[in-house]
Amino acid sequence: MIARMRFRALTSEDFPQANEVLRAAFHAPVEISFEPRLRRYLALQPDGWLVAEDEGQLVGMVGAIDYGAFAYVGLMAVRPDRQGRHLGRQLLEATLDQLTTRAEASGRPRAACAALDASAAGAPLYERMGFTDSGLSHEYWPGPVGAATADVAPAVTIAVATATAIDDLVQLDATFFGAPRQRLWHLLFGTLPGRVLLARDGDGAACGYVVAQDGLLGPFGARTPDVADALLQRAFAVLGHDRVRLQVPEENAEARALLAKRGFTLGRSLRHMRRGPVPELTGWRAIYGKGSYCLG
């Protein structure tokens, strides 16, 4: 790293430049903007995002959402003309150091426990940094007709959730995800009103949920494939999304079978990687859609 380079915290004023860095690094079309995601992620983890700055110009960035038991690293990007200079490694090292410092300050004295989804281009760096494979993340798209069907739904009640259901959602989600995500659910309710569907069984207990983001279904979890199928159909019918993506962990074979049955096709797969003593996420067999590659 040349002497004039510095790392600092991302701020909202950086969004335009950060958006350009991300679009260039990920080869995104000009109509794609990362600013809504940056705004959401910074609100969720204000102290979790770093940028590399060279004479006032942003040339790289990375961040992490810390859930306590582990963190998710995402939006790792270096401007193409600055790649090959170890800047990505330094950004990642700084982020992992930040996670460890936060863990120690909260009484969790241990190395950073982190997970991420790696592209083919990024995976070699993560391997050198001690990340190991723990499966795949599959991205699915629906067919031209979408996923709605006339099948009989299971004996569950599905409705647009209100804020009074946050505790139920957090508790159910934690059993699937492996850590409570109170901040995330409060943010989703605040920024996506009317987009959270909650399924309850005959006894009134929460048994599944799905959030319809713009172009993405997730977080999406369900205790059974039938509940997931009912939520999927309601998400299309009630929330009006006829073409969306889902990011499904490899652990959930029933999710992949359901999506294939409903006309979804596999778009791409990324390597899911972990570093440090990240717990075994056995509940991921009930996750039908991630919140994003960054949120997990």
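The values are calculated or read from the model by the stated rules, or taken from the named source; none is laboratory data. What you see is a predicted model; the values in this text were computed from it and never measured. Because the Cβ atoms are built from the backbone with ideal geometry, glycine has one as well, and the counts that use them run over all protein chains shown. Keep in mind that these areas ignore ligands, DNA and RNA; they rest on the heavy atoms of the full protein, side chains included. Shrake-Rupley method; radii C 1.70, N 1.55, O 1.52, S 1.80 Å.
Assorted remarks:
- Ala174 passes every criterion in (1) in contact with a helix residue (DSSP H, G or I) (Cβ under 9 Å, 6 or more places away or on another chain); (2) part of a helix (DSSP H, G or I); (3) in contact (Cβ under 8 Å) with a residue 24 or more places away in the chain apart from (3).
The rows are residues; the columns are (1) out of contact with any strand residue (DSSP E or B) (no Cβ under 8 Å at 6 or more places or on another chain); (2) of a type in the set (Val, Ile, Thr); (3) more than 22 Å from Glu251 (Cβ to Cβ).
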{"residue": "Phe189", "(1), (2), (3)": "no, no, yes"}
{"residue": "Ala199", "(1), (2), (3)": "no, no, no"}
{"residue": "Gly202", "(1), (2), (3)": "yes, no, yes"}
{"residue": "Gly215", "(1), (2), (3)": "no, no, yes"}
{"residue": "Ala222", "(1), (2), (3)": "no, no, no"}
{"residue": "Val227", "(1), (2), (3)": "no, yes, no"}
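- Residue list for the stretch 255-296, filter: surrounded by 18 or more Cβ atoms within 10 Å (Cβ to Cβ) and of a type in the set (S, T, N, Q): Ser292
- Pick from the stretch 103-118, criterion open to solvent by 50 Å² or more (accessible area, probe 1.4 Å) and modelled with pLDDT of 80 or more, ranking: farthest from Pro249 (Cα to Cα): Ala105
- Answer residue from the stretch 74-101, given it is in contact (Cβ under 8 Å) with a residue 60 or more places away in the chain, surrounded by 15 or more Cβ atoms within 10 Å (Cβ to Cβ) and not in a loop (DSSP other than H, G, I, E, B) and is nearest to the chain's Cα centre (by Cα) among those: Gly74
- Restricting the stretch 161-180 to residues that are modelled with pLDDT of 95 or more and open to solvent by 70 Å² or more (accessible area, probe 1.4 Å), the residue that is nearest to Ala43 (Cα to Cα) is Asp167.
- Qualifying residue in the stretch 50-58 (condition: farther than 21 Å from Leu116 by Cα and free of Cβ contacts under 8 Å to residues at least 40 places away in the same chain): yes
- Close pairs from the stretch 273-287: first without any contact (Cβ under 8 Å) to a residue 40 or more places away in the chain, partner assigned to a helix (DSSP H, G or I), Cβ under 8 Å, at least 6 apart: Arg285/Ala253; Arg285/Glu254
- Qualifying residue in the stretch 181-200 (condition: in contact with a Phe, Trp or Tyr (Cβ under 7 Å, 6 or more places away or on another chain), more than 17 Å from Val238 (Cβ to Cβ), of a type outside the set (Lys, Arg) and open to solvent by less than 40 Å² (accessible area, probe 1.4 Å)): no
- Residue match in the stretch 237-251 (condition: at negative phi, among the basic types (Lys, Arg), open to solvent by 40 Å² or more (accessible area, probe 1.4 Å) and without any contact (Cβ under 8 Å) to a residue 12 or more places away in the chain): no
- Among residues of the stretch 202-226 that are more than 19 Å from Tyr140 (Cα to Cα) and assigned to a strand (DSSP E or B), those with a beta-carbon under 7 Å from a residue that is open to solvent by 10 Å² or more (accessible area, probe 1.4 Å) and charged (D, E, K, R) at least six positions away or on a different chain give the pairs Ala206/Asp168; Ala206/Arg200; Cys207/Arg200; Cys207/Asp201; Cys207/Arg223; Gly208/Arg223.
- The set of residues from the stretch 239-296 being more than 24 Å from Gly122 (Cβ to Cβ), among the basic types (Lys, Arg) and part of a helix (DSSP H, G or I) comprises Lys261, Arg285.
- Checklist (1) at pLDDT 95 or above; (2) surrounded by fewer than 19 Cβ atoms within 10 Å (Cβ to Cβ); (3) in contact with a strand residue (DSSP E or B) (Cβ under 9 Å, 6 or more places away or on another chain) applied to Ala43, failing item: (3)
- Any pair with Cβ under 7 angstrom, 6 or more apart, that starts in the stretch 182-201 at a residue that is on the phi < 0 side of the Ramachandran plot and ends at one that is among the aromatic types (Phe, Trp, Tyr): Val196/Phe189; Val196/Tyr209; Leu197/Tyr209; Leu198/Tyr209; Ala199/Tyr209
- Restricting the stretch 49-72 to residues that are open to solvent by less than 10 Å² (accessible area, probe 1.4 Å), within 19 Å of His272 (Cβ to Cβ) and of a type outside the set (Ser, Thr, Tyr), the residue that is modelled with the lowest pLDDT: Phe70
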